Each structure stands twice: as C-alpha cells, then as structure tokens.
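The values are calculated or read from the model by the stated rules, or taken from the named source; none is laboratory data. The structure displayed is predicted, hence computed values, not measured ones. Cβ placement follows ideal geometry from the backbone for every residue including glycine, while neighbour counts extend to all protein chains displayed.
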Amino acid sequence: MANGTLKVSNIETSSGSGTITIGQSGETVNIPSGCTIANSGTATGFGGGKVLQVVQATDTSARTTTSNTYVTASNTLSVNITPSSTSSKILVVLMLCGFGADTQSTNARVTVKRDTSTDISPSNGFADNNVVSGGSYYVGGGNSVLDSPNTTSQVNYQLYIQNTGGSHTARLNNGGFSSLTCFEIGA
C-alpha cells in the first residue's frame, strides 16, 4: 500500500460504538511537535505513577502546646486536595523545623490527619522528638506517607502536635518554618 495522507474531521466506528485501532503491535503512532491531544473522556492504558497535582502549605510562625492529646499544630499547615480519581493515591510529605520539647521529661510528637479524624501516620506519629540530655532540644526533619483516600471529593490533610508528658511545652517552628506538601499520584 502506498504512503499517503488521510484528512478527515472525525473517525467513528460504523456502529457508533466499539473500539477504533490505530496502528498495529510494534508500530509507533507519532504525534508531531506542536500538536495537542485533547481528552474529554477517560484515558486508559497509559500507565500509572504520574504526578497529577501538587498542593503545599507552609508556616513560619512559632507554635507551642502543652496538650497531652493531639491539637491542631497550625491553621496554615493544612492542605485541601481533590483527587481526580478514586484510584489516585496522595503522597503526603512533611518537613519540620525547630521541632522538639522544652525538657528531658517530655516528648513532642506530630501527626497528619485526613479530614480531622483519620490519622494517616505510623502509630507513634510522623515525628517523635525528646531531649537527649537536659535543656531544650529542637531539630528539623521530615517524613512521608502514601495515603489512599478512595474519593473524588475534596480531602483535607492537616498537621497536629502534642506534648507527651506533664505540663511541659512542645514546640514547632522554633527559629524556622515547616511545610506540608500533597502530591496526587495517578494509579
């Protein structure tokens, strides 16, 4: 068959439904530079693991608590993200600065909750910091978790903090800033 150019406005099956195949196994379908593929339906078979969106929140204000249960660490360390598919996963990445406790007898601990109730961190929180040898002790660090919210409705991820002993003080952003970043990963 001779090479040529096919110019049409639409390609449809004769029945109006079914599958249209372009090319054969082992061939390459080339989309020239400058062309755009617009999809108004469902794209399948392209593989997963792609970053579909990124939302980040940062906080530079010093935060403290003496609470022995988790409380909101910061109103600004809160991210709203709307997954594009129920099969999407959300990679939650937490970076902490100036995090710790005022005395050796207590720990500072943080976690991240989805929609204020679902704790997505390990059993001891995302980070658990205490004083190694007397005095105040503050560190920076980070952690991440891959969450499966199984929804296409907006979800909220927020940082919470607690002091694990007595009436001492747990601190965050003691001389720095922290961030909470959410990546939607396509399935």
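A few notes on this one:
- Subset of the stretch 142-187 [small (Gly, Ala, Ser) and closer than 18 Å to Ser78 by Cα]: Gly142, Ser144, Ser148, Ser153, Gly176, Ser178, Ser179
- First in the stretch 131-148 and within 22 Å of Val112 (Cα to Cα) and of a type in the set (S, T, N, Q), second anywhere and modelled with pLDDT under 80 and part of a loop (DSSP other than H, G, I, E, B), Cβ under 7 Å, 6 or more apart: Asn143/Phe126
- Within the stretch 131-182, the set of residues being out of contact with any strand residue (DSSP E or B) (no Cβ under 8 Å at 6 or more places or on another chain) and either within 25 Å of Gln53 (Cβ to Cβ) or at pLDDT 85 or above (or both) comprises Asn150, Thr151, Thr152, Ser153.
- Restricting attention to the stretch 73-102, the residues being touching a residue at least 24 places away in the same chain (Cβ under 8 Å), of a type in the set (Ser, Thr, Tyr) and out of contact with any Leu (no Cβ under 8 Å at 6 or more places or on another chain) number 4.
- Scanning the stretch 103-130 for residues being surrounded by 13 or more Cβ atoms within 10 Å (Cβ to Cβ) and at pLDDT 90 or above gives a total of 6.
- Each residue in the stretch 68-90 was checked for being in contact with a Gly (Cβ under 9 Å, 6 or more places away or on another chain) and either farther than 23 Å from Ala170 by Cα or among the hydroxyl-bearing types (Ser, Thr, Tyr) (or both), and 6 pass.
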